[in-house]
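Have a look at the structure below, then the notes.
The values are calculated or read from the model by the stated rules, or taken from the named source; none is laboratory data. Keep in mind the model is a prediction, meaning the values are calculated, not measured. Cβ: placed from backbone, ideal geometry, glycine included. Neighbour counts: every protein chain shown. Remember, those area values only see protein heavy atoms, side chains included, never the ligands or the DNA or RNA. Shrake-Rupley method; radii C 1.70, N 1.55, O 1.52, S 1.80 Å.
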Amino acid sequence: MLIQVCGLPGAGKSTLSAAIAERLPAQTLRVDAIEAAMWKYGIPPEQSGIAAYSVMHAIAVPNLRRGQTVLADAVSGVEPARAGWVSAAQAAGAELRVIEVVCPDPEEHRRRVEQRVNDLPGFTLPTWDDVQRAEEQYEPRTDERLVVDSTRPLEQTVRDALEFLRVRV
């Protein structure tokens, strides 16, 4: 199964992804980590976005073909990014399950973005202005997915996610 965890920066994708990964045997891919590595080796941010998604797809497919669960943590705010996950799942003959993480409280979302601790050396965290620009470009989703409100307790959202994924742990 390919689990795509998406949503705006600072919404809680990485927190939820990490909590799910603690309960599942899954290969976890995080677009921010891939971009940080690209920046370290001279690929500028204006070129790394689509390339990072392509790298994630290239890693996901063979792991899915080996029967592993892959959890992909990335904004995936526009249709071409989303189509890449559909294609990766199809190429591997795997089921795609999408979890969209939202933070419906703008003050809480801003607090998270502004107080976020950077756990990736070389990665530049988005500012609140960056998040607002990303929100303007974020295309509404119409696909089947679980929408998770990250202002709810993490344990509750993890239970909801695992139920949606039809996983017993």
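Take residue 108 and decide whether it is assigned to a loop (DSSP other than H, G, I, E, B), among the acidic types (Asp, Glu) and either surrounded by 12 or more Cβ atoms within 10 Å (Cβ to Cβ) or touching a Lys or Arg at 6+ places or on another chain (Cβ under 6 Å) (or both). Against the criterion (assigned to a loop (DSSP other than H, G, I, E, B), among the acidic types (Asp, Glu) and either surrounded by 12 or more Cβ atoms within 10 Å (Cβ to Cβ) or touching a Lys or Arg at 6+ places or on another chain (Cβ under 6 Å) (or both)), residue 108 does not qualify. Looking at 35, 79, just one residue is closer than 27 Å to residue 115 by Cβ and touching a residue at least 40 places away in the same chain (Cβ under 8 Å), and that residue is 35.
Within segment 146-169, if we keep just the residues that are part of a loop (DSSP other than H, G, I, E, B) and more than 30 Å from residue 39 (Cβ to Cβ), the residue that is least open to solvent (accessible area, probe 1.4 Å) turns out to be 165. Residues in segment 61-99 that are among the small types (Gly, Ala, Ser) and under 16 Å from residue 32 (Cβ atoms): 72, 74, 76, 77, 81. Taken over segment 39-76, residues that are under 17 Å from residue 26 (Cβ atoms), surrounded by 12 or more Cβ atoms within 10 Å (Cβ to Cβ) and without any contact (Cβ under 8 Å) to a residue 60 or more places away in the chain amount to 9.
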